[in-house]
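The values are calculated or read from the model by the stated rules, or taken from the named source; none is laboratory data. Predicted, not measured: the structure shown is a model, and the values here were computed from it. Backbone-built Cβ (ideal geometry, glycine too); neighbour counts: all protein chains shown.
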Amino acid sequence: MKYYLIAGERSGDLHGSRLIRELKRGDDQAVIRCWGGDLMQEAGGELVTHYRDLSFMGIWEVLKNLLTIRQYLEFCKQDLAKYQPDVVILIDYPGFNLRIAEFASKQGIKVCYFISPKLWAWNRKRASKVKKHVDHMYCILPFERQFYQQYDYQVNYVGNPLVHTIDEFLSSGKSIEDLEEERPIIAVLPGSRRQEIEQMLAAMLEIIPEYPQYKFVVAAVDNVPQEYYQVARQYPDVQVVTNQAYELLSVARVALVTSGTASLETGLFNVPQIVCYRTSWLTYWTGRMLIKVPFLSLVNLIAERQVVPELIQGEYTKKNLSKHLSTLLDDGPARQEQLAGYRKVRVLLGNKDAAKETARHILDYCRQ
């Protein structure tokens, strides 16, 4: 069978690569064309467009690049129509993928969606559009089933792919080769997009002089030019490691985390954290009007209570960051409460292998 996968972000590339491998295991005649990244290509997908060309974050950034996004959208539609896959598999990235879902559906192509758009957070009316154009939805957050039931749309909870990914990593015994440090480590995860790093990193590092007994290590990514991490190199004792976030979290005492997937990853590593987020004021105030959930952190959303502190926009200050960090570094109540919250989140997520479960569902559907 012919498959067409679309992921528009770094995390989607990871999850897409696992899904490609599982599809190939279940279908030895699989031919896969994809939008994604290096990992999906290494897994056996024919890469059409790299996600780094599609990575625009925030309302202002999207508006500035509307023409570029439209050009990619039209190219994708043309490529899809020419390729004529048996199924198109969309991975998160809703602004782009929901438009492709509508197009593919009207072309008579089967549409599956792995990792639901966060419609429960904003723009809930899109759920009706998903129901109309997506044949099967595979969700990775347990509360999403209840959300879609409001629209009489039955979805599958396939487990969260991070559970299997992180368990597999912890079993591997991997470590940061050049990290030789006797002091406890504070991990700094400023995000994986240029705009995030510009907004977050400098403020995260301002507190370094207050904690000389700790080693600060920044998790960088290679799809962002290294000059975006130059502010970290102004501190002679700060280390920057690239594409080693998991290795870093496996040895960290506490983490400073930009809100996103990294929040849940940090929780699954059992590392107490402070979730931070800052964006342009236009994006922030627009988001305030649209977002319908009480938290930004996935840990808090899954637990349905505040497990980790969130410092958002104006609350993201050096003073607040230091206040919360000090309570998490020792073994006091704040640290223990977070770890207890993590245990609840792990139970709620379950132990399914999301990629394997999703591939099984898709193969069964396509063979009907």
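How many residues does the stretch 314-338 contain that are hydrophobic (A, V, I, L, M, F, W, C) and more than 19 Å from residue 258 (Cα to Cα)? It would help to see each step written out before you state the result.
First, pick out the residues of the stretch 314-338 that are hydrophobic (A, V, I, L, M, F, W, C): 321, 325, 328-329, 334.
Narrowing further to those that are more than 19 Å from residue 258 (Cα to Cα): 334.
Going through the stretch 314-338 one residue at a time, the tally reaches 1.
Return a yes/no flag: does the stretch 1-11 have any residue that is out of contact with any Phe, Trp or Tyr (no Cβ under 6 Å at 6 or more places or on another chain), closer than 17 Å to residue 110 by Cα and not in a strand (DSSP E or B). Looking through the stretch 1-11, at least one residue is out of contact with any Phe, Trp or Tyr (no Cβ under 6 Å at 6 or more places or on another chain), closer than 17 Å to residue 110 by Cα and not in a strand (DSSP E or B). For the stretch 27-41, a tally of residues being over 20 Å from the mean Cα position of the chain (by Cα) and touching a residue at least 12 places away in the same chain (Cβ under 8 Å) returns 6.
Counting only strands (runs of 3 or more DSSP E) that fall entirely inside the stretch 206-293 and contain at least 2 residues that are under 17 Å from the mean Cα position of the chain (by Cα), modelled with pLDDT of 90 or more and not small (Gly, Ala, Ser), the qualifying elements are 252-258, 273-277. Residue count for the stretch 298-351 under the criterion of being among the β-branched types (Val, Ile, Thr) and assigned to a loop (DSSP other than H, G, I, E, B): the result is 3.
Limited to the stretch 57-92, what total is found for residues that are of a type in the set (Lys, Arg) and modelled with pLDDT of 95 or more?
Filtering the stretch 57-92 down to residues of a type in the set (Lys, Arg) leaves 64, 70, 77, 82.
After this cut, where a residue has to be modelled with pLDDT of 95 or more as well, the list is 77, 82.
Looking only at that region, the number is 2.
Listed residues 312, 302, 362; which is at pLDDT below 90 and surrounded by 15 or more Cβ atoms within 10 Å (Cβ to Cβ)? Outline the logic, then answer.
On the way: 302 fails: at pLDDT below 90; 362 fails: at pLDDT below 90.
The conditions single out 312.
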